[in-house]
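Written out below as structure tokens is the structure these notes cover.
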2 protein chains.
Amino acid sequence: MADTPTEDTLANVAVQRIIDDIVSGQLEPCAKLRIESLKEQYGMGASPLREALSRLSTLGFVTNESHRGFRVAPMSQADLEDITLNRRMVEREALLRSLTRDDDEWEVGVVAAYTRLERTVERLRTGQGADGADLERAHKQFHTAIVAHCGSPRLLGLHDTLYDQAQRYRRLMMRGIQDLDEFLAHHTALLKALLGGDADAAVHALTDHLNLTLTSVYPND
Amino acid sequence: MADTPTEDTLANVAVQRIIDDIVSGQLEPCAKLRIESLKEQYGMGASPLREALSRLSTLGFVTNESHRGFRVAPMSQADLEDITLNRRMVEREALLRSLTRDDDEWEVGVVAAYTRLERTVERLRTGQGADGADLERAHKQFHTAIVAHCGSPRLLGLHDTLYDQAQRYRRLMMRGIQDLDEFLAHHTALLKALLGGDADAAVHALTDHLNLTLTSVYPND
DNA sequence: AAAATCCGGATTTTCGACAAAATCGCCTTG
DNA sequence: CAAGGCGATTTTGTCGAAAATCCGGATTTT
């Protein structure tokens, strides 16, 4: 899920795998994360696991009251609202910076990522060699491409962790979707607005898109 | 009652102390952080130190290439620019949210923090029982009060770490300041703008204030 | 009965010694 | 001077156990 291709310490591997398991729902919200259990589950010693959990707690995927161990971070409407507000802020800033840099590579990257997303949807619909994980990967790549050229390491890092944190809620939203067309149409519209040359319109389209998970999972108010 | 109430874990204490030592400059940029040395320096074992360094690396105070150990994060103009851009974004968002919540407590808190800052400057000038650390604390409390009531846990966390990361550069700026009056005057103006009721003006004053460290440490361009 | 206290087992946190793997420094060699 | 080898050092991970703390139930007190 989180993008770091090859990290060769066990602790780094553990971070990735635990994020994946939390985001994919295999580790449920508020689930106790006992080192002894994790040792068996991930086949490694206690040290790298503690290190991983410690880092995950500063990233917000895990909670850690002192002497009370680690738990998967809980889910709530308030939390999704907080994630969404932060995502709107981060992606707006990153998008504006990408646009005003008039970096040719940006457009290329966004279009390429969109094409990949389109193709993945197609393969998923025709049932040939693409699963939900592929779709999620392509979706993340698309959103990452939008902010990729903002020039700020911190914005990129924030986007990455916020995207993953939102993924838990996005899964709930996707449950009600057999309508892949609608999913793709939303992103097509977003792409059009991004490439349209009007910064304000692009930002609006993006923030609207981000609100979609929120209003879709918690329709009230 | 217990003699020494250890509410916290050693690892948490280590995080705080190392941040302090990095921010205060006692641990210089790019300095190697060898566990063996730190064990002696902080009087604790390797486990809590590794955990602390690991967390600090995700917070951005420390770098950590795999199998190459930990180092104090380097300083650069690009880094300060990144910090500043992120601070403008975060504090702008937090300020706007605090304002639109029309929370009485917000004004009270901001004014109280300003008063504390004012008094600390006064005591510092008359040389009675206040040192640089006190001023630093009061300054941080003032800026924290501005964003305190935004209602977003993530914004608060971001503000906190970004503030601390900026502190290393602020120290350089302060070197050239014997003029406490100017320092205080800047904050007085900021306070006025914040309380003036004009959101746009308040945001502008705040972002200008944040730019001050940047332009002061790196005057070129 | 309700509240406070106590107690024993379980869990978390920390320690320290050790082993494996990777990196670094230095030296030689071509 | 570049390239490569080879110990020495450092980092990373394992293991077992000690110290501190939490949890839940039983007991005592109000």
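The values are calculated or read from the model by the stated rules, or taken from the named source; none is laboratory data. Note that the structure is predicted; figures quoted are calculated from it, not measured. All Cβ positions, even for glycine, are placed from backbone atoms using ideal geometry, and neighbour counts span all protein chains on display.
What the table shows:
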{"read-out": "Residue satisfying condition, being in contact (Cβ under 8 Å) with a residue 24 or more places away in the chain and either within 16 Å of DNA strand C (Cβ to nearest atom) or under 17 Å from residue A:160 (Cα atoms) (or both), within set A:101, A:125, A:116, A:87", "value": "A:87"}
{"read-out": "Any pair with Cβ under 6 angstrom, 6 or more apart, that starts in the stretch B:26-48 at a residue that is closer than 13 Å to residue B:73 by Cβ and away from chain A (no Cβ under 14 Å) and ends at one that is surrounded by 12 or more Cβ atoms within 10 Å (Cβ to Cβ) and acidic (Asp, Glu)", "value": "B:27/B:21"}
{"read-out": "Restricting the stretch B:23-48 to residues that are outside any loop (DSSP other than H, G, I, E, B) and more than 10 Å from DNA strand D (Cβ to nearest atom), the residue that is surrounded by the most Cβ atoms within 10 Å (Cβ to Cβ)", "value": "B:48"}
{"read-out": "Extreme residue, modelled with the highest pLDDT, among residues of the stretch A:1-16 that are within 13 Å of DNA strand C (Cβ to nearest atom) and charged (D, E, K, R)", "value": "A:8"}
{"read-out": "Pair list, Cβ < 9 Å and 6+ apart or interchain, from the stretch A:208-221 residues that are closer than 10 Å to residue A:84 by Cα to residues that are exposed (fewer than 14 other Cβ atoms within 10 Å of the Cβ)", "value": "A:214/A:77"}
{"read-out": "Members of the stretch A:49-79 that are away from DNA strand D (no atom under 16 Å from the Cβ), within 12 Å of chain B (Cβ to nearest Cβ) and either modelled with pLDDT under 95 or assigned to a loop (DSSP other than H, G, I, E, B) (or both)", "value": "A:60, A:61, A:73, A:76"}
{"read-out": "Any hit, the stretch B:163-184, residues being surrounded by fewer than 17 Cβ atoms within 10 Å (Cβ to Cβ), over 16 Å from residue B:96 (Cα atoms) and within 9 Å of the chain's Cα centre (by Cα)", "value": "no"}
{"read-out": "Residue B:199 within 14 Å of chain A (Cβ to nearest Cβ), touching a helix residue (DSSP H, G or I) at 6+ places or on another chain (Cβ under 8 Å) and in contact (Cβ under 8 Å) with a residue 40 or more places away in the chain", "value": "no"}
{"read-out": "Unique residue being over 19 Å from residue B:24 (Cα atoms) and either without any contact (Cβ under 8 Å) to a residue 12 or more places away in the chain or assigned to a helix (DSSP H, G or I) (or both) when the list is B:134, B:181", "value": "B:181"}
{"read-out": "Selected residue (criterion: modelled with the highest pLDDT) from residues of the stretch A:80-120 that are within 23 Å of residue A:157 (Cβ to Cβ) and outside any helix (DSSP H, G or I)", "value": "A:101"}
{"read-out": "Qualifying residue in the stretch B:153-173 (condition: in a helix (DSSP H, G or I), at pLDDT below 95 and more than 19 Å from residue B:21 (Cβ to Cβ))", "value": "yes"}
